[in-house]
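Chemist: Below are the structure tokens for one structure; questions will follow.
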Amino acid sequence: MSIADYPHRPGAHCGSASLRNLAARYGWGFDEPLCFGLGAGIGFGYYEAGPASRTIMGRTSWLESSFFDTLAIPFAEEDGSDWETAWEAVNARIVGGTPVVLFADLYYLDYYGTDTHFGPHTLVCLGTEGDDVLLSDSEFETVQRLPIDRLRQAWGSEHGFVGPLSNRWLAVDGERPSPNASIESAARAAIVRASEGMLTDDESGAWGTQGVAGIRRFARELPGWTELNDVSWSARFAYQNIERRGTGGGAFRRLYADFLAQLDFLDDSFADRTRAIADDWSALGETLRAASETPTTEIFERANEQAAIIADREEGLFVDLRREVRED
């Protein structure tokens, strides 16, 4: 059983592209930046786990579920069930014609051919054919096939960024689901949530030290990365998570700038400032790429200075965004 008419298209980021494709299926008409922004997807996490000794991530852990929450779209979500229970629930949804969002580890997705664990990676399950599962994965032009036993490994991998993956899925409820909140009210709520996530000094968040506090810690510790056993890989992986691994460029800030630019109730200066910060992140990414090739103290100190400036600029941006949205 599979969903044959699903409007699969690749995109910039796995989470927001999957949401955009779902929006196309249900006729909501949202592009990818709007999905990313309405999910309050912009964020930052810094933690001592994952494929490298130090890992950074420029999006939030709540993007996909927050998208449905903010728009007041009824949906179901499950996390932590055993394989049989979770797979039975997913199959039941698909038989009813509902695509299901899954969160997996790239290492076990054979069509990637990677030897790096990377998860959670967001994709959409469209059903099965024989012993294969059909997956809408935003990195590819066409729907991908994967042996079901490999999906079982990917979906319940021990190698998530901050702990094991646990067969998490989500799907809309109802035959004709639709938003029950206006775009403006949803966008305002999403901006407040994203701003508070960036401005809350949280040392114990789901994805490590988060927000501006996480960027400052990242900046502060960068010169000490020369002492890491995997210094080159940590720097390379940080560069990739800024610029290459489905971020849309500039640590997801370009996607967020494109979201802000669509909002009539915001001055264009907010999108312009976010694009400038995206450029700062891209420049930092290039420094980290250079550090991965020549891991000297001098290069990491340059990265420290760049990251510290970014932290100041992001703090100012999100303070102003939150104030603007609340005052209006």
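Chemist: Looking at the range 170-196, I want the residues that are within 25 Å of Glu314 (Cβ to Cβ) and free of Cβ contacts under 8 Å to residues at least 60 places away in the same chain and have a partner that is surrounded by fewer than 19 Cβ atoms within 10 Å (Cβ to Cβ) and hydroxyl-bearing (Ser, Thr, Tyr) with Cβ atoms under 7 Å, at least 6 apart or on another chain. Which pairs are those?
Modeler: none
Chemist: Also, quick follow-up: Given the conditions (1) of a type in the set (Val, Ile, Thr); (2) surrounded by fewer than 24 Cβ atoms within 10 Å (Cβ to Cβ); (3) closer than 21 Å to Ala213 by Cα, which single one is not true for Thr85?
Modeler: Every listed condition holds for Thr85 apart from (3).
Chemist: Right, another one. What are the residue pairs meeting all of these: first residue in the range 1-12, first residue farther than 15 Å from Val95 by Cβ and surrounded by 15 or more Cβ atoms within 10 Å (Cβ to Cβ), second residue basic (Lys, Arg) and at pLDDT 95 or above, Cβ atoms under 8 Å, and 6 or more apart or on different chains?
Modeler: That search, which allows pairs on different chains as well, returns Gly11/Arg20.
Chemist: Would you be able to say whether some residue in the range 97-109 is among the charged types (D, E, K, R) and open to solvent by 20 Å² or more (accessible area, probe 1.4 Å)? Talk me through it step by step, then tell me what you get.
Modeler: Applying the first criterion (among the charged types (D, E, K, R)) to the range 97-109 yields 105.
Still in the list and also open to solvent by 20 Å² or more (accessible area, probe 1.4 Å): none.
No, there is no match, as no residue in the range 97-109 is among the charged types (D, E, K, R) and open to solvent by 20 Å² or more (accessible area, probe 1.4 Å).
Chemist: Could you tell me whether the range 34-55 includes any residue that is under 29 Å from Glu184 (Cα atoms), charged (D, E, K, R) and loosely packed, with under 15 Cβ neighbours inside 10 Å?
Modeler: Scanning the range 34-55, I find no residue that is under 29 Å from Glu184 (Cα atoms), charged (D, E, K, R) and loosely packed, with under 15 Cβ neighbours inside 10 Å, so the answer is no.
Chemist: Would you confirm whether or not the range 128-140 contains a residue that is touching a residue at least 40 places away in the same chain (Cβ under 8 Å) and among the small types (Gly, Ala, Ser)?
Modeler: yes
Chemist: For the range 89-109, does any single residue satisfy the condition of being polar (S, T, N, Q) and part of a helix (DSSP H, G or I)?
Modeler: Yes, that holds for at least one residue.
Chemist: Within the bounds of the range 96-115, is there any residue that is of a type in the set (Ser, Thr, Tyr) and either on the phi > 0 side of the Ramachandran plot or touching a Cys at 6+ places or on another chain (Cβ under 8 Å) (or both)?
Modeler: Scanning the range 96-115 turns up no residue that is of a type in the set (Ser, Thr, Tyr) and either on the phi > 0 side of the Ramachandran plot or touching a Cys at 6+ places or on another chain (Cβ under 8 Å) (or both).
Chemist: In addition: Quick one: which strands (runs of 3 or more DSSP E) lie wholly within the range 117-234 and hold at least 1 residues that are under 29 Å from His8 (Cβ atoms) and open to solvent by 50 Å² or more (accessible area, probe 1.4 Å)?
Modeler: Once the strands (runs of 3 or more DSSP E) in the range 117-234 are filtered for at least 1 residues that are under 29 Å from His8 (Cβ atoms) and open to solvent by 50 Å² or more (accessible area, probe 1.4 Å), what remains is 121-129, 144-147.
Chemist: Can you name every residue in the range 235-261 that is in a helix (DSSP H, G or I) and either open to solvent by 40 Å² or more (accessible area, probe 1.4 Å) or within 17 Å of Arg313 (Cβ to Cβ) (or both)? Show your work before the answer.
Modeler: The first filter runs over the range 235-261 and keeps only residues in a helix (DSSP H, G or I), leaving 235-243, 253-261.
Correct list: Arg236, Ile242, Glu243, Arg253, Arg254, Tyr256, Ala257, Asp258, Leu260, Ala261.
The values are calculated or read from the model by the stated rules, or taken from the named source; none is laboratory data. For clarity, every value in this text was computed on a predicted model and none was experimentally measured. Reconstructed Cβ throughout: ideal geometry from the backbone, glycine too, with neighbour counts over all protein chains shown. Note: areas computed on protein heavy atoms with side chains; ligands, DNA, RNA excluded. Shrake-Rupley method; radii C 1.70, N 1.55, O 1.52, S 1.80 Å.
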